[in-house]
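Colleague: To start, I am sharing the structure in question, which I have written as structure tokens.
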Amino acid sequence: MLLGTVADAELPAWYAAADVLAFPSTKEGWGLAVLEAMGAGLPVVASDLPVFREYLRPGRDALLVPVNDASALAVALSAVLGDRRLAGRLRSAGFAVSARYSWARSAAQHQAIYAAAGRAVPSSGQS
């Protein structure tokens with residue numbers, strides 16, 4: 001089934017109905033869906049893209065598979081679905097990862113950056 005865009009209000013129910021997030025993206029700017037799924041308690045199998053290696057430890061936080069490798073994706077998904085301990089370990093690690101990237105923390109970090117940038121700019125009367 002090809003679902004298409006889902007309203008934000010419906011996302012929690014979709015995540016709750018799933019056993020694992022398969023995210024075989026070929027390019028990604030950040031991968032918010034991965035963090036949302038982790039926050040909802042889903043183990044994640046995603047493409048091995050540089051952006052995911054910025055915040056995921058392959059094999060510990062999520063399973064990462066080569067881009068465009070359907071066989072590797074199938075093996076990884078089968079591993080998660082067939083091994084409750086693996087799924088539980090990925091689920092626990094995912095909660096920890098998603099906690100590091102909360103909206104509140106992101107807002108606080110942005111506020112600190114803007115405050116620092118404001119202090120670094122000389123006032124209009126100085127040369």
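Only the coordinates and a few stated rules stand behind these numbers; no lab work does. Computed from a prediction, not measured in an experiment: that's the story for all the values here. Note that each Cβ is placed from the backbone with ideal geometry, even for glycine, and that neighbours are counted across all protein chains shown.
Colleague: When you check Ser78 against the structure, is it buried (at least 18 other Cβ atoms within 10 Å of the Cβ), among the polar types (S, T, N, Q) and more than 20 Å from Ser102 (Cβ to Cβ), yes or no?
Modeller: Spelling it out, it is not the case that Ser78 is buried (at least 18 other Cβ atoms within 10 Å of the Cβ), among the polar types (S, T, N, Q) and more than 20 Å from Ser102 (Cβ to Cβ).
Colleague: Identify all residues within the range 54-69 that are charged (D, E, K, R) and either loosely packed, with under 14 Cβ neighbours inside 10 Å or within 19 Å of Leu32 (Cβ to Cβ) (or both); write none if there are none.
Modeller: Within the range 54-69, Glu54, Arg57, Arg60, Asp61 qualify.
Colleague: Would you be able to say whether some residue in the range 89-100 is under 21 Å from Ala33 (Cβ atoms) and over 17 Å from the mean Cα position of the chain (by Cα)?
Modeller: no
Colleague: It is to be established whether one or more residues within the range 74-92 are in contact with a Phe, Trp or Tyr (Cβ under 8 Å, 6 or more places away or on another chain) and not hydroxyl-bearing (Ser, Thr, Tyr).
Modeller: No.
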